[in-house]
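Q: Below are the structure tokens for one structure; questions will follow.
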Amino acid sequence: MLMQATATYEKIHQLLRDYCHALDDGEVDRWTSFFQDDAIYQITTRENLANGYPLGIVLCEGRGMMEDRIKALKTANIFESHTYCHITGPLDVVEQMEDRWAVRSNFAVYRTMYTGEATLFATGKYLDVVDTSGGQASFAERVVVIDSRTIDTLLVYPL
Amino acid sequence: MQPPTMQTASSCPGASAAPITQASAATPPADFRWPEGGVARVPFQVFSDPAIYALEQEKIFRGPVWHYLCLETEVRKPGDIKTSWLGDTPIIVTRDENGAVHAMINRCAHKGALVCLKERDNKPSLTCVYHSWNYALDGKLKSVAFQDGIRGKGGMPEDFDPARHRLEPLRVELYCGMVFGTYSQETEPLRDFLGERIGAFMERNMDHPLKILGVHSQIIHNNWKLYAENVRDSYHATLLHTFYTTFKVNRLDMDGGIVLSDKKWHHISYSKRATLQAADEYKQANVHAAKYGSDLDGPELLKAWDGFDDGITHSIQTVFPTLVMQLTLNSLAVRFFVPRGVDKTELFWVFLGYETDTPEQQKMRVMQGNLTGAAGLVALEDGCINSFVQRGTGSSPQQSAFIEMGGRTAESNESSRATEAAVRGFWHGYREIMGF
């Protein structure tokens, strides 16, 4: 039993690591594969969360909307090329209900522009619900809560 | 035409006892001349010259102009406090115990420290943390710590009169759920400042019980006027922002137009979905999906309803200098932008609904929030495009922009949006008030 829980816990860790490394390595096409079909992905701010405001910066309900985000950034949106580097903190299990794990971890994302300018782009926390049924770990929900109210320039790649 | 002489903001109500000399030190660079070509040319110098920036603070932000400060719902209850900005100047907006809304400069009458340090608060009075000078919610000085000294020693001089000191007030008007302030006694009444047509359209969109759905801001690395131009620029919309065309969202062939205010300072850009045959349908059921045929994998993004019976489905409206109201599909938002230096601007997004929205309507507004804002699918390019101009023009202050799409004058055009008329309208107002 304990071994099984440890194995599941490691799968969740692996999901969170793979997610960041895929984005940091420019494998943006892999992004939606970390989510369940009907998953929710939201980027919001600490201020919106504290006030109970439902509208953040990005909201995708279902992988279709996530696919549209990726298609848009690859074919429609104009922006200066840049890369992310995610630094994440330890993971806390907030709640577990059978195959659903509510977990929380902190992040810092550095952004490096094609000009060489590297800055701290965002800090905050991930509030995740990870589904581990069928021996696979994937996000049923990922809420990205940014500490700041402000985005520098624009946000186009998922955090 | 000679611009009218503008009164500098040296007289404020309540300021007479302690005269405030708003030094008129800012002057335009001696060699600055607006180029030939009127409002169809814009000298790049205005985007990068610190002396012009300083002059704008005096002539525009402390001048005879109404400025958006916050939403009325942000100071709904007695004791509510909201901080804001009027150009570089930090502002406090309050509602007092009698329900009156006040605005004042966030600067203690003692040493000039910020009095309010939070973006939002609720307090019975305002106290500066430095030396505990305490002000009523209307900004009047109530008490000074140790005014009579301690054990008879120290204290203020005998002729110290608290009534002669206060937080410097602004004039305030409330309209369409928004709080406007002005520093100058010379500013005309707000409705006259806006003009009839601008006011009427604001009422259409904003004169409802407003509810905040979400807020964030965006730092854009450009002079504030480049965003003021950008948001008036209907020419770029379908050229730079290709989300709709890329995803083959139907009904893109919209009729629309540009309306300039009487003085040309403010504008409305509107469009109508071309085939609006749903009149009966939306009378029967106020809410229905717009059924955009598209290549979207998540078409619920564009689920919408027709909220008005004038056929206008998209609108952007500006009020000079730094206020924007959008109602694109059902996505209602106030944008206002605050200069943070000659080459930096903070753009605030306040997404709104009406208190009367059904849960389904609110959900549609929330989903459509994906279209605009810092990560807006349709318009995120505006976060960087103005910095391209800033970087392109910084080294060439003597060169000028060429703005002749749709003619050389600033006039309304209700048959086409392939025009830069509203951009010229902005420069018309800017030149008038700056004396350029």
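Q: Conditions first: (1) within 10 Å of chain B (Cβ to nearest Cβ); (2) surrounded by fewer than 17 Cβ atoms within 10 Å (Cβ to Cβ); (3) among the polar types (S, T, N, Q). Residue A:33 passes all but one, so which condition is the exception?
A: (1)
Q: What residue, among those in segment B:337-351 that are of a type outside the set (S, T, N, Q), within 14 Å of chain A (Cβ to nearest Cβ) and part of a strand (DSSP E or B), is surrounded by the most Cβ atoms within 10 Å (Cβ to Cβ)?
A: If we take residues in segment B:337-351 being of a type outside the set (S, T, N, Q), within 14 Å of chain A (Cβ to nearest Cβ) and part of a strand (DSSP E or B), then B:351 is surrounded by the most Cβ atoms within 10 Å (Cβ to Cβ).
Q: Could you list, in sequence order, the residues of segment B:389-403 that are surrounded by fewer than 17 Cβ atoms within 10 Å (Cβ to Cβ) and within 14 Å of residue B:233 (Cα to Cα)?
A: Of all residues in segment B:389-403, those surrounded by fewer than 17 Cβ atoms within 10 Å (Cβ to Cβ) come to B:391-392, B:394-396, B:398-399, B:402.
Correct list: B:402 only.
Q: Go through segment B:210-237 and count every residue that is away from chain A (no Cβ under 11 Å) and under 30 Å from residue A:51 (Cβ atoms).
A: Count: 6.
Q: Please count how many residues of segment B:155-204 are closer than 18 Å to residue B:266 by Cα and part of a loop (DSSP other than H, G, I, E, B).
A: Matching residues across segment B:155-204 total 5.
Q: Filter segment A:60-82 for residues that are among the hydroxyl-bearing types (Ser, Thr, Tyr) and facing chain B (nearest Cβ under 8 Å) and give the result.
A: Answer for segment A:60-82, where residues must be among the hydroxyl-bearing types (Ser, Thr, Tyr) and facing chain B (nearest Cβ under 8 Å): just A:75.
Q: Follow-up question, since we're still on this one. Inside segment A:1-91, counting only strands (runs of 3 or more DSSP E) that do not spill past its ends, which hold 1 or more residues that are under 18 Å from the mean Cα position of the chain (by Cα), farther than 25 Å from residue A:111 by Cβ and of a type outside the set (A, V, I, L, M)?
A: Filter on segment A:1-91 gives A:35-45, A:58-61.
Q: Right, another one. Quick one: in segment A:44-59, which of the residues that are touching a residue at least 12 places away in the same chain (Cβ under 8 Å) and more than 7 Å from chain B (Cβ to nearest Cβ) is surrounded by the fewest Cβ atoms within 10 Å (Cβ to Cβ)?
A: The residue in question is A:46.
Q: Would you confirm whether or not segment B:408-415 contains a residue that is assigned by TED's automatic domain parsing to the domain that holds residue B:240, surrounded by 23 or more Cβ atoms within 10 Å (Cβ to Cβ) and not in a loop (DSSP other than H, G, I, E, B)? Full working, then the answer.
A: Residues of segment B:408-415 assigned by TED's automatic domain parsing to the domain that holds residue B:240: B:408-415.
Then drop every residue that is not surrounded by 23 or more Cβ atoms within 10 Å (Cβ to Cβ), which leaves B:410.
Now drop any that are not not in a loop (DSSP other than H, G, I, E, B), which leaves none.
Looking through segment B:408-415, none of the residues is assigned by TED's automatic domain parsing to the domain that holds residue B:240, surrounded by 23 or more Cβ atoms within 10 Å (Cβ to Cβ) and not in a loop (DSSP other than H, G, I, E, B).
Q: Could you list all residues from segment A:118-144 that are closer than 20 Å to residue B:346 by Cα and either within 14 Å of chain B (Cβ to nearest Cβ) or part of a loop (DSSP other than H, G, I, E, B) (or both)?
A: Listed by number, the residues that qualify are A:119, A:120, A:121, A:122.
Q: Then there's this: Only one of these is in a loop (DSSP other than H, G, I, E, B) and either modelled with pLDDT under 80 or touching an Asp or Glu at 6+ places or on another chain (Cβ under 9 Å) (or both): B:13, B:35. Name it.
A: Values: B:35 fails: either modelled with pLDDT under 80 or touching an Asp or Glu at 6+ places or on another chain (Cβ under 9 Å) (or both).
On inspection, the qualifying residue turns out to be B:13.
Q: Could you count how many residues in segment B:234-246 are assigned to a loop (DSSP other than H, G, I, E, B) and surrounded by fewer than 22 Cβ atoms within 10 Å (Cβ to Cβ)?
A: Of the residues in segment B:234-246, 3 are assigned to a loop (DSSP other than H, G, I, E, B) and surrounded by fewer than 22 Cβ atoms within 10 Å (Cβ to Cβ).
Q: Can you tell me which residue within segment B:416-436, out of those that are within 28 Å of residue B:186 (Cβ to Cβ) and basic (Lys, Arg), is surrounded by the most Cβ atoms within 10 Å (Cβ to Cβ)?
A: Among residues in segment B:416-436 that are within 28 Å of residue B:186 (Cβ to Cβ) and basic (Lys, Arg), the one surrounded by the most Cβ atoms within 10 Å (Cβ to Cβ) is B:424.
Q: Could we say that residue A:88 is within 14 Å of chain B (Cβ to nearest Cβ) and over 24 Å from residue A:71 (Cα atoms) here?
A: no
Q: Another question, then. Filter segment A:73-131 down to residues that are more than 26 Å from residue A:14 (Cβ to Cβ) and among the aromatic types (Phe, Trp, Tyr) and give me whichever is surrounded by the most Cβ atoms within 10 Å (Cβ to Cβ).
A: A:79
The values are calculated or read from the model by the stated rules, or taken from the named source; none is laboratory data. Because the structure is predicted, anything quoted here is derived from the model rather than measured. Every residue, glycine as well, gets a Cβ built from its backbone with ideal geometry; the counts of neighbours run over all protein chains shown.
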